[in-house]
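Enquirer: Have a look at this one.
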Number of protein chains: 4
Amino acid sequence: MDLPVINLPDVQANKPAIAINLTRVGVTEVKKLVEIARVGKRPIVLISKFKIFVDLPHDRKGANLSRNFEAIGEVLEEAIASPVMGIEQLCGEVARRLLSCHEYATRAEVHMESEYIIKRQSPQTHMNCQEVVNIFAKATAIRGENVLIRKVIGAEVIGMTACPCAQEIMREKAQKELIDLGVPSKTVAAFLMKVPMATHNQRGIGTISIEVHEDNEISIEDIINVIEMSMSSRVYELLKRTDEAYVVETAHANPKFVEDCVRTMAKNVVNKFKHLPDDSVITIKQVNEESIHRHNAFAERQSLLGELREELNRQ
Amino acid sequence: MDLPVINLPDVQANKPAIAINLTRVGVTEVKKLVEIARVGKRPIVLISKFKIFVDLPHDRKGANLSRNFEAIGEVLEEAIASPVMGIEQLCGEVARRLLSCHEYATRAEVHMESEYIIKRQSPQTHMNCQEVVNIFAKATAIRGENVLIRKVIGAEVIGMTACPCAQEIMREKAQKELIDLGVPSKTVAAFLMKVPMATHNQRGIGTISIEVHEDNEISIEDIINVIEMSMSSRVYELLKRTDEAYVVETAHANPKFVEDCVRTMAKNVVNKFKHLPDDSVITIKQVNEESIHRHNAFAERQSLLGELREELNRQ
Amino acid sequence: MDLPVINLPDVQANKPAIAINLTRVGVTEVKKLVEIARVGKRPIVLISKFKIFVDLPHDRKGANLSRNFEAIGEVLEEAIASPVMGIEQLCGEVARRLLSCHEYATRAEVHMESEYIIKRQSPQTHMNCQEVVNIFAKATAIRGENVLIRKVIGAEVIGMTACPCAQEIMREKAQKELIDLGVPSKTVAAFLMKVPMATHNQRGIGTISIEVHEDNEISIEDIINVIEMSMSSRVYELLKRTDEAYVVETAHANPKFVEDCVRTMAKNVVNKFKHLPDDSVITIKQVNEESIHRHNAFAERQSLLGELREELNRQ
Amino acid sequence: MDLPVINLPDVQANKPAIAINLTRVGVTEVKKLVEIARVGKRPIVLISKFKIFVDLPHDRKGANLSRNFEAIGEVLEEAIASPVMGIEQLCGEVARRLLSCHEYATRAEVHMESEYIIKRQSPQTHMNCQEVVNIFAKATAIRGENVLIRKVIGAEVIGMTACPCAQEIMREKAQKELIDLGVPSKTVAAFLMKVPMATHNQRGIGTISIEVHEDNEISIEDIINVIEMSMSSRVYELLKRTDEAYVVETAHANPKFVEDCVRTMAKNVVNKFKHLPDDSVITIKQVNEESIHRHNAFAERQSLLGELREELNRQ
């Protein structure tokens, strides 16, 4: 008589009872220490959160998820040994290795996100400070004659936005008061050119992600800089009084709607990334945590880099 | 001499300095009390979180975001007055109204999510208990000769999953011990058919979302039921001892990988929603918060309903 | 020969292997629909999150946690039937009932928190809008000759704060520019009295909690009002242009440090809650999500109401 | 005629309009890169989140919050230069420095929390894996003849817990089935001693924090080890099949209620930290994310180390 289980085959290689293809099978919330070597500097150390997936054909019961950990472990070992590797290349390497160890998969996907410390100086007193930004990367490897890899890299950075609309009204009010007090309109105009009036201002969160073919190079520092320069002002962790005045004045001299921030980022992306091909996929987002509401303002543009170039040339 | 600002036109209708189209402009984290009328019952009361967007052409500086609040306010007033309206219809109505009040927009999008209390009874002692599930809906209105509306409705429900792989090993061990103790193999087989052995088990989170044309009807209760019946066992907020034993035994008699949960949901979706057209877009996800790891297991299927039907018929 | 388990006593009533007292044993993340009756109005419906604890003596292995659900279920049934009951009374009732059903416990604790929708009008155009605030309550029941109950009620409300320090610098700058442009100093002074200058402003989150004996009554609406009136301005979900100008001007005419917000709340608490005894425990907190930094500013006062009264009288 | 502002004194040193003492004024959500030197090893690199407070007397309008950043910046520079410094010593140093630079404060408080990567090996195949735990520290400096410092250090670690109660019922069922199949009761007993039966199991989160005087030394690794060994089993990021079976069997052979986890930690704390004085403050918490419910089970003990010693000796 047969026992229900005699020896133990790989359960996951069995045929499943319901033969449905799966788009993604894998693991999420995987945290790993990532060390990225840099030429002539100490390595960058990140604690990164990964999501790692492969697809699964309808005739296979399970993916061997522990293999994902071996693949990522190997690549992380090599990353610290290799001379230079960006976070999106690291994801690309893991994705490539997943296709090797999951022989049934046609597609592998690796996402990572991390906090990243950048060094800045306060704008007037030039004191050193550290700023935290969120960075992320993704790679998709597609099996074919050769493995094709698409990779994404991006960042999310906090800055300050001041509202142009409320400022217009406050400027009108100032103008009327000065005129009523007998100040000549020429003087009023000169004053209002020099001193920006009040408005509501708040933290804004700008996000840019860029998707390209494997051989395109993108600097995460460039992405961070583009986001920082596209709001009303940067923010800083350490501001002495003159720094604080400088930030407030800069932001008020440079008011921006949530829509303006996205458009400014779009223009700056086109200017900064001239070497990237037209089929690069650009996603630009801005969320303003409005100081006058409990809700946020939001704007987004998703497009090919070629489309952005065309829209800007048209002007 | 001209003053810098003489009278105040609608700043947002101005041409922007950078003439870039925007995919989405709007508001997020908007919370509203939603009351849904029901025939012959008290209305359902939800606190829902909304995201509301329109697109913005390159020649317009800003969207008048306050109009979004007027549009949603009106629809919510009507929802409680009208005889019956699902949450996805409610989103559809708001989206339609956004196109009316943002005359420049070609596309409007409304997302909502909410906690929803359902009533259940414990499985053996039949005590009443309340269960919280997350529900969500989305509608997209596209301007054309007629306004075209696509709508999404879905739910995210917690259940219990028990791992088949570790259970196989534990069953083998039990078998070996019984044989070693001299129990006849026929008796061993009979025992192992009746008493499921130990394995790791955990909370699993199943999610189904269904996207259809405006005139298709989908019951959120049906979606919740499909998710609940597709894991190893349901979970309950109130379990007396016999209930607890029943849940543990049910889960262990019905072990499922994360992949199995998605495939079971896929099959149950096909069976339950026979009235929906083949071009309905189905997204099915399962996340298992593995009790043996800090990370989660994940599986997903995204496809047209027609494709799922075909894959299941092929068998 | 004895089998390892013959019949099944209440495991949790056993003596534990390690005879250590426990301060709190219970359940967290319990979500329940709460309906609070109101005289002459429709009931308030809340989805509330509960934490429910009792203490456990060293000679008892476990608390029967399912009893907590029966206790809370009964009280919630009664709450909707009873004429009026505040959320802190509801917690008190559950705590009292826990002592009845956990006969070994000397102390029971019930916490609840919830989102609560309040109705407001925009300040100039008087359009209706809904605002979401967080409310919370807690009750502790202590077994003695009579059961002694202490209860806590509180709220967390978002408002707007404008920084006085940066505004001083901006005002100085405006003054200097006007003087340099030849405007008489008297006119400058008059102008700066009427038009508040720019500064950074942001969302602030004010929190007040009040702990009293069971028989003291506290209105949650009063707490919410005190918080709302203690920042530079209220915030609103719906603002037309004149409303927005009003909010910006109000906030800038009323700049407040994070410290000022707490002190203003303290003064307003003393004024509003004259009927409460000196031994009421007051906790007041303010968090400002600084628009010029990634970090927040924070201030807090914890004290007896009697101490606050004394400090204010001393002036 | 006087202008409203002639020269700009330190606004924050002014007398406030409302002369109320403040318990805590400071900053939260401050993120910094922390490097901790180790003898003979590479430094540990952490991204830590800080909260930094001082108290503020009633006669002073504001605290100069930017000084907090200078104080923490200096100490972090020194930490990487100094031979060895634990995270709680680092907090102590910052707190001491805050009292120097806020001359009006009588009390300074520094909190930090961080993710920390530890190295482990899978239990049977001995593969290397990384585990993430949360660590935290706090220091309070109180001004007096000498500055008095109390410090706290702790960790929060995920493990696995298996429920003893449901297991009893499943064991009873197994026993009954075997007896009914004619297996002798002696054999049944022997089998059930060797093979643990099924039950529900889940992620548990254990937390221990220890508060001591400045000169007591506590190893964070010891705290992490105590938490790990006090649940039904450890969890691992990488498990091959034999490892997985080992973890499942270990957990089921060692079932624990949420109460048992806290008591086991209490006993292990007493055994491990024999060098700490009786007035050390111990807080021990366990949260089990029950696989059969949506809610969590919770237990906690707060006490002096001396009390725990006494309770354990009494037995």
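Enquirer: Determine the dipole magnitude for chain C: charges of +1 sit on the beta-carbon of Lys and Arg, -1 on that of Asp and Glu, nothing else is charged, the reference point is the Cα centre, and the result goes in debye to the nearest 20.
Expert: Working: 40 positive and 44 negative charges, 124 e Å.
With only Lys, Arg, Asp and Glu charged at Cβ, the dipole is about 600 debye.
Enquirer: Threshold 30 Å², probe 1.4 Å: give the residues of the stretch C:98-137, in number order, that are less accessible with all protein chains present than with their chain alone.
Expert: C:GLU115, C:ILE117, C:GLN130, C:VAL132
Enquirer: Taking the stretch C:87-134, which GluC sites (Glu not before Pro) meet the DSSP loop condition and have no more than 16 other C-beta atoms within 10 Å?
Expert: Details: sites: C:GLU88, C:GLU93, C:GLU103, C:GLU109, C:GLU113, C:GLU115, C:GLU131; in loops: C:GLU103.
For GluC sites (Glu not before Pro) across the stretch C:87-134 that sit outside H, G, I, E and B with at most 16 neighbouring Cβ atoms in 10 Å, the list reads C:GLU103.
Enquirer: Karplus couplings for the stretch B:36-44 from phi (6.51 cos²θ - 1.76 cosθ + 1.60, θ = phi - 60°), rounded to Hz, Gly and Pro as x?
Expert: So the Karplus estimates, Gly and Pro as x, are 10, 5, 9, 5, x, 9, 5, x, 7 Hz.
Enquirer: Using only protein heavy atoms and a 1.4 angstrom probe, determine the accessible area buried between A and C, summed over both sides, in Å² to the nearest 100. List each step's numbers first, then the result.
Expert: Numbers: alone 18170 and 18170 Å², together 31810 Å².
Interface between A and C: roughly 4500 Å².
Enquirer: Under the definition of partner shielding as Cβ atoms of other protein chains within 10 Å of a residue Cβ, what is the mean value for peptide B:231-242? Mind dumping the intermediate values first?
Expert: Working: counts 0, 1, 3, 1, 7, 4, 11, 9, 8, 5, 10, 1.
Other-chain Cβ atoms within 10 Å of each residue's Cβ, averaged: 5.
Enquirer: Considering Cα pairs under 8 angstrom that are at least six residues apart, work out the relative contact order of chain B and quote it in whole percent.
Expert: Working: 632 pairs, mean separation 42.9, N = 315.
That works out to 14 percent.
Enquirer: From the residues A:ILE227, A:GLY204, A:ALA245, which one has its Cα farthest along the dipole of the stretch A:196-309 in the positive direction, the dipole being from +1 and -1 charges on Cβ of Lys/Arg and Asp/Glu about the Cα centre?
Expert: A:ALA245
Enquirer: By Cβ position, which chain B residue lies least far from the axis that rotates chain B onto chain C, and what is the distance to the nearest whole angstrom?
Expert: That would be B:VAL45, 2, residue then distance in Å.
Enquirer: Let me ask something additional. Take A:ILE142 and A:LYS274, extend 7 Å from each Cα along the Cα→Cβ direction, and tell me the distance between the two endpoints in nm.
Expert: Result: 3.1 nm between the two label points.
Enquirer: Using a 10 Å cut-off around each Cβ of peptide A:304-311, what is the average number of partner chain Cβ atoms that fall inside?
Expert: Per residue, the number of nearby Cβ atoms from other chains is 1 on average.
Enquirer: Same structure again: When each copy gets a label point 7 Å from Cα toward the beta-carbon at D:GLU221, what are the spacings between them in nm, shortest first?
Expert: Taking the point 7 Å beyond Cα along Cα→Cβ, the inter-copy spacings are 3.6, 6.0, 6.2 nm.
Enquirer: Tell me, what is the FRET efficiency for D:ARG42 and A:LEU304 to the nearest 0.05, using R0 = 56 angstrom and their Cβ-Cβ distance as r? Write down the numbers at each step before the final one.
Expert: Details: r = 44 Å, r/R0 = 0.78.
The computed FRET efficiency comes out at 0.80.
Enquirer: Another question, if that's okay. Of A:LYS173/C:LYS186; B:LYS32/C:LYS32; C:LYS49/C:LYS119; C:LYS49/C:LYS151; A:LYS51/D:LYS285; A:LYS51/B:LYS285, which pairs sit farther than 25 Å apart, going by alpha carbon to alpha carbon? Don't skip to the end; give the middle numbers.
Expert: Numbers: A:LYS173/C:LYS186 19 Å; B:LYS32/C:LYS32 19 Å; C:LYS49/C:LYS119 22 Å; C:LYS49/C:LYS151 17 Å; A:LYS51/D:LYS285 30 Å; A:LYS51/B:LYS285 14 Å.
Pairs exceeding 25 Å: A:LYS51/D:LYS285.
Enquirer: In square angstrom, what is the accessible area per residue of the stretch A:148-266 with a 1.4 angstrom probe?
Expert: Values: 3570 Å² over 119 residues.
Here the residues of the stretch A:148-266 average 30 Å² of exposed surface.
Enquirer: Summing -39500 (n - 2.57) over the DSSP H runs of n ≥ 4 in the protein assembly as shown and dividing by its residue number, what mean residue ellipticity at 222 nm do you reach, to the nearest 500 deg cm²/dmol?
Expert: Value at 222 nm, helices only: -10500 deg cm²/dmol.
Enquirer: Hey, another quick one. Mind giving me the nanometre distance, one decimal, between the label points for A:ARG120 and A:THR242, set 7 Å out from Cα along Cα→Cβ?
Expert: If labels sit at A:ARG120 and A:THR242, their model points lie 1.9 nm apart.
Enquirer: Please give the Cα centre distance for the stretch B:26-95 versus the stretch D:101-126, rounded to the nearest Å.
Expert: The two parts, judged by their Cα centres, are 45 Å apart.
The values are calculated or read from the model by the stated rules, or taken from the named source; none is laboratory data. Remember, predicted model here, so these are calculated numbers, not experimental data. Glycine gets a Cβ as well: all are built from the backbone with ideal geometry, and neighbour counts include every protein chain shown. Heavy atoms of the whole protein, side chains included, go into the accessibility calculation; ligands, DNA and RNA do not. Shrake-Rupley method; radii C 1.70, N 1.55, O 1.52, S 1.80 Å.
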